[in-house]
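One structure is given below, represented as structure tokens, and several questions about it will come after.
The values are calculated or read from the model by the stated rules, or taken from the named source; none is laboratory data. Note that the structure is predicted; figures quoted are calculated from it, not measured. As a convention, Cβ positions derive from the backbone with ideal geometry for all residues, glycine included, and neighbour counts pool all protein chains shown.
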Amino acid sequence: MSENVTSSKIMNDVDELVQNCIDTAKEQNNIPTRDETIEKVTDRLEQLLEAGYGNKEITCVVSGIAVGIAIVLQIEETLKKNEYVNMKSVTRND
């Protein structure tokens, strides 16, 4: 039960951070970039690890989030590469 509470708290913290990034950018008439948001989330995850040093629950949850982010970024990069290859082949056929 404790792991679910820890997980929920950390996910809520990350959700609030992302929403704050979006709100701050809107207030400044900017569009939040993916890289800025990822940097802020990564920084926050590092802070959580430092604050919860030795706490297995926090370490597991933060590690899981970090792995999830890495997977999404890798998939995004693969999709971009495939999109570039597809666009290149379409251009050659025209």
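Within region 7-41, take every residue that is more than 21 Å from residue 70 (Cβ to Cβ) and among the polar types (S, T, N, Q) and give me the one that is surrounded by the fewest Cβ atoms within 10 Å (Cβ to Cβ).
First, pick out the residues of region 7-41 that are more than 21 Å from residue 70 (Cβ to Cβ): 8-9, 12, 16, 19-20, 22-31.
Now narrow it down to the ones that are among the polar types (S, T, N, Q): 8, 12, 19-20, 24, 28-30.
Details: 8: 11, 12: 10, 19: 10, 20: 12, 24: 13, 28: 9, 29: 6, 30: 10.
Once the filter is applied, the top-ranked residue is 29.
Just to be sure I understand the filter: pairs with C-beta atoms under 8 Å, separated by 6 or more residues or on different chains, first member in region 24-51 and under 13 Å from residue 10 (Cβ atoms), second member small (Gly, Ala, Ser). Which pairs pass?
Listed by first residue and then by second, the contacts come to 45/66.
Sticking with this structure for a sec: Can you pull out every residue in region 42-58 that is surrounded by 15 or more Cβ atoms within 10 Å (Cβ to Cβ) and assigned to a helix (DSSP H, G or I)? Walk me through how you get there before you give the answer.
Filtering region 42-58 for residues surrounded by 15 or more Cβ atoms within 10 Å (Cβ to Cβ) gives 44-45, 48-49, 52, 57-58.
Result: 44, 45, 48, 49, 57, 58.
Can I ask one more? What's the number of the condition residue 29 fails, among (1) modelled with pLDDT under 85; (2) part of a loop (DSSP other than H, G, I, E, B); (3) not aliphatic (A, V, I, L, M)?
It is condition (1) that residue 29 fails.
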